[in-house]
Structures are given as C-alpha cells and as structure tokens.
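First up is the structure itself, then whatever we jot down about it.
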C-alpha cells in the first residue's frame, strides 16, 4: 500500500490538529498544516499531496474557494475536501464548482470525516 500525504489549510489550531490526527490514523504518512492559502499553494508543487482539506474562511488574502480553484486549474491528482462553518447556499454552490470530493460543515462529526476518508482510501 502506498503512503498518502495530505495538506490541511485551516486557521483554527485545534481543528487542524484534530484533523491531522485523524488523517494519520488512516495511514497518511505526511500531514502538513498551513493557516494561509497563499503559503499552502506554494507548498503544493513541492509536496504534491494526495488530499487537501480546506477551510473556506482563512487568514490572509486568499480564501479556501480561491485556493481550490487554483488546485483545480494547476494540479490533476489532488483531491479536495472543504470543511467549513459556512453552509449558505451561495457559498456552497461556489465551493462545489471546484469539484471537491466532499463538503463538511463545522462543527463536524468525526464519523463523517472518517466515512469520507474510508471512501478516499479505496
């Protein structure tokens, strides 16, 4: 089984750490956390992760949807999951245009993330 890597783009430390531990329990070998979309994007080319979990509202200039659009435009094999407190219809519609594999609202239930990760591992 090949080891997977992931990038978490989340500005809430506790949530990011919790997601990181969950990913590691699913066999993700390298799980980087970044608070800023701009820095996360810079690391994508170097790290080329299998999965990126993105919050929509982030510190810095770029939001999570903009980051996902850049991923969609420039990387072929990176899957995206949104995990966000923003669940409004227009926000969700804009996010879904980037073709994420999932959209989870906060506070998220760990079971929901686990189910998505199980499907991702197949």
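The values are calculated or read from the model by the stated rules, or taken from the named source; none is laboratory data. Computed from a predicted structure; not experimentally measured. Cβ: placed from backbone, ideal geometry, glycine included. Neighbour counts: every protein chain shown.
Of all residues in region 84-98, those that are in a loop (DSSP other than H, G, I, E, B) and under 24 Å from residue 20 (Cβ atoms) total 4. Selection of region 27-62 for residues being free of Cβ contacts under 8 Å to residues at least 60 places away in the same chain and within 15 Å of residue 103 (Cα to Cα) yields 52, 53, 54, 55, 56, 57.
Among the residues of region 46-58, those that are part of a strand (DSSP E or B) and over 20 Å from residue 88 (Cα atoms) comprise 51, 52.
Take the residues of region 1-17 that are farther than 19 Å from residue 63 by Cβ and in contact (Cβ under 8 Å) with a residue 24 or more places away in the chain: which is farthest from the chain's Cα centre (by Cα)? Among those that are farther than 19 Å from residue 63 by Cβ and in contact (Cβ under 8 Å) with a residue 24 or more places away in the chain, it is 1. Of the residues in region 67-80, not one is on the phi > 0 side of the Ramachandran plot and not in a helix (DSSP H, G or I). Quick check on residue 119: is it surrounded by fewer than 17 Cβ atoms within 10 Å (Cβ to Cβ), in a helix (DSSP H, G or I) and touching a strand residue (DSSP E or B) at 6+ places or on another chain (Cβ under 9 Å)? Against the criterion (surrounded by fewer than 17 Cβ atoms within 10 Å (Cβ to Cβ), in a helix (DSSP H, G or I) and touching a strand residue (DSSP E or B) at 6+ places or on another chain (Cβ under 9 Å)), residue 119 qualifies. Against the test of being closer than 19 Å to residue 17 by Cβ and touching a strand residue (DSSP E or B) at 6+ places or on another chain (Cβ under 9 Å), the options 81, 101, 65 yield a single qualifying residue, 81.
If you filter region 1-45 down to residues that are more than 23 Å from residue 107 (Cβ to Cβ) and part of a loop (DSSP other than H, G, I, E, B), you find that the one that is modelled with the highest pLDDT is 27.
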